[in-house]
1. Answer yes if at least one residue in region 202-213 is within 29 Å of SER55 (Cβ to Cβ), touching a Ser or Thr at 6+ places or on another chain (Cβ under 9 Å) and touching a residue at least 60 places away in the same chain (Cβ under 8 Å), and no otherwise.
2. Exactly one condition in (1) in contact with a Phe, Trp or Tyr (Cβ under 8 Å, 6 or more places away or on another chain); (2) free of Cβ contacts under 8 Å to residues at least 40 places away in the same chain is not met by PRO315; state its number.
3. For region 267-312, give me the residue count where each residue is touching a Ser or Thr at 6+ places or on another chain (Cβ under 7 Å), assigned to a loop (DSSP other than H, G, I, E, B) and buried (at least 24 other Cβ atoms within 10 Å of the Cβ).
4. Might you check whether a residue that is surrounded by fewer than 23 Cβ atoms within 10 Å (Cβ to Cβ), modelled with pLDDT of 95 or more, in the same structural domain as ASP46 (by TED's automatic domain parsing) and closer than 24 Å to GLY27 by Cβ occurs anywhere in region 376-384?
5. Taking region 313-360, which residues are closer than 30 Å to ALA71 by Cβ, touching a strand residue (DSSP E or B) at 6+ places or on another chain (Cβ under 7 Å) and outside any helix (DSSP H, G or I)?
6. Looking at (1) out of contact with any Lys or Arg (no Cβ under 9 Å at 6 or more places or on another chain); (2) among the hydroxyl-bearing types (Ser, Thr, Tyr); (3) under 30 Å from ALA430 (Cβ atoms), can you tell me which one THR89 breaks?
7. Which members of region 205-245 meet the condition of being among the polar types (S, T, N, Q) and over 16 Å from ARG171 (Cα atoms)?
8. Within region 391-410, is even one residue closer than 24 Å to PRO227 by Cβ and buried (at least 22 other Cβ atoms within 10 Å of the Cβ)?
Amino acid sequence: MVRLPETAKEVVDLHRSHVFYSWAAQGTVNPITMDRARGVHFWDLDGKRYVDFASQLMNVNIGHQNAKVIAAIKAQADALVFAYPGMATRVKAALGQKLAEITPGDLSKAFFTLGGSEAIENAIKIAKLVTGRGKIVTRYRSYHGATMGAMTASGDPRRLAVEPGIPGVVRVLDPYYYRCPFNSTSPEDCGERAAQHLEEVIRFEGPENVAAVLMEGVTGSSGLIIPPANYWTRVREICDRYGIVLICDEVMSGFGRTGKWFGIDHYDVVPDIICMAKGLTSGYLPLGATVVRDWIARHFDDNTLWCGLTYSGHPMSCAAALACIDVYSDEDLIGNAQRMGQVQSEWLETLKRKHPSVGDVRSIGLFGVIECVKNRETREPMAPWNAKGSEMGVMADVAKSLREQGLYTFVRWNWIFCVPPLCINEEELAEGFGMIDHALSFADRGVV
């Protein structure tokens, strides 16, 4: 019988010897030893409690250890653990129907994957298959996944180490009003100019060559950029004008995170394809999905769908997703994301007024970020884009302070992410933001 390691040191030592960590030089990693969790908290092997302000990887939307989802997983394990993807199962059928109900417009048919990267990969393939075109237009401030196609489609600098990736990816600038590349004087003007820029690039590339425009509903790990109100409408118009498939990546911004089922729901736009994962099961088991509109689904009635995965529609994962979707509804978590999102916004504005290092705050539902700057007038970032090691400066002190206080979240470059589980309450928010308030005193030391 395999013996599980007992002490924190033994766990970390075994990881260092036998397990790779993502996105890191292995000798620099200093992990938290996660032992157990409940709601918005988790504990390490030494018994220290952390407030989870990142929902782990922006995915544990319903909170940790929800009894209803765990019970559904156990029941499915007793009935059927695995079925070949060509089989029809009750849970896969029910989940496909449920996703058709909660996605906007006539999005109606799902191809199931094991995560967000695979959902993006298959969306790209589907767009190319239905259009016969080869190019994909994405944004520079974006992240779509770690597999080769999804990584190439990302603007995130992690792609640079593995380039060249897949051919045909073209990137455009973002409607990032705080740092608007078009020097706009209003969010709406920034949105309009960004849309004009998108259309100009499409014309330069040849609209007849562009299969899809791929964008996050609300940009996540690349700065939590909330599109201006007019932007998505204009993007939809441009795609319709040139017969381009519009793919919306809702892997991070989906399932109540923004206060609606999907981030795109704030803009009254129906994309042709939605990619989802993360909150679909809240991480309880791996699952993603690529959901398409009726016209795309009909195309494959007579044409082969050249997509396939051994674990597509895995019964255990489908059962977890069905239970998770019920939890969103039964426990009013999307409503809570709206209510607590307002509380979070107030906290963010308070911190902005108090700390000179805070240049901007952005939040929609429980999807928030603090952007730290050296100078509010120049907006120079407190740490540069793609900062590493000593380049992080005082932001490394901010991250250290948060961890020491017992707050787990992502401090990436000059951003502090605030993305707690949707079950959080006002008291728990106050505890987390109290820790951030203290940590920002270190960022203030970097103000010039």
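1. Taking every residue of region 202-213 in turn, at least one turns out to be within 29 Å of SER55 (Cβ to Cβ), touching a Ser or Thr at 6+ places or on another chain (Cβ under 9 Å) and touching a residue at least 60 places away in the same chain (Cβ under 8 Å).
2. (2)
3. Here the count works out to 2.
4. Within region 376-384, one or more residues are surrounded by fewer than 23 Cβ atoms within 10 Å (Cβ to Cβ), modelled with pLDDT of 95 or more, in the same structural domain as ASP46 (by TED's automatic domain parsing) and closer than 24 Å to GLY27 by Cβ.
5. Result: GLY313, single match.
6. Here THR89 clears every test but (3).
7. SER221, ASN230, THR233
8. Yes, that holds for at least one residue.
The values are calculated or read from the model by the stated rules, or taken from the named source; none is laboratory data. In this text the structure is predicted, and so the values were computed from the model without any measurement. Don't worry about glycine lacking a Cβ; one is built from the backbone with ideal geometry, like all the others, and counts go over all protein chains shown.
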